[in-house]
Amino acid sequence: MKLRMTILSCATLLFPVAANAQLTIDMNNITCGQYLAMPPSQSRSFSAWMSGWFSYQLNKETIDLVTHEKNVANVKAWCQYHPQETVMSGLKNATGQQ
């Protein structure tokens, strides 16, 4: 009985280590308010991801870093006045895509 309890205790202690948590985020639902509230490092990563995804949707195969920075600035400026809108709406607005 004591051996079973020891084995059960060890198995219980190892269980949280073996579990993998997964988190799914629908990037299309991130609002401008949430985007503007992100810390700078997270905002940069999010901007790069959204820019890459949007470029893929338009079948663009090149990256123009100057245009990327301009688009990020335009989206942030647009988001200041539309905090309840999605970032995707701001990106479409900033790039002239609809």
Would you check if residue 97 is among the polar types (S, T, N, Q) and at pLDDT 90 or above?
no
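To keep it simple, each residue is scored yes or no on (1) in contact (Cβ under 8 Å) with a residue 40 or more places away in the chain; (2) surrounded by 13 or more Cβ atoms within 10 Å (Cβ to Cβ); (3) of a type in the set (S, T, N, Q).
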position: 43; (1), (2), (3): no, yes, yes
position: 56; (1), (2), (3): no, no, no
position: 64; (1), (2), (3): no, no, no
position: 70; (1), (2), (3): no, yes, no
position: 73; (1), (2), (3): no, no, no
position: 76; (1), (2), (3): yes, yes, no
position: 80; (1), (2), (3): yes, no, yes
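For segment 49-74, which positions are farther than 21 Å from residue 38 by Cα and under 19 Å from the mean Cα position of the chain (by Cα)?
If the condition is that a residue be farther than 21 Å from residue 38 by Cα and under 19 Å from the mean Cα position of the chain (by Cα), then 55, 56, 57 are the ones that fit.
Residues of segment 75-88 being under 17 Å from residue 38 (Cβ atoms) and in a helix (DSSP H, G or I), which ones?
Passing the criteria: 75, 76, 77, 78, 79, 80, 87, 88.
The values are calculated or read from the model by the stated rules, or taken from the named source; none is laboratory data. This one's a predicted model, so the numbers in the text were calculated from it and none came from an experiment. Cβ sites come from the backbone with ideal geometry, for glycine too, and all protein chains shown count toward neighbours.
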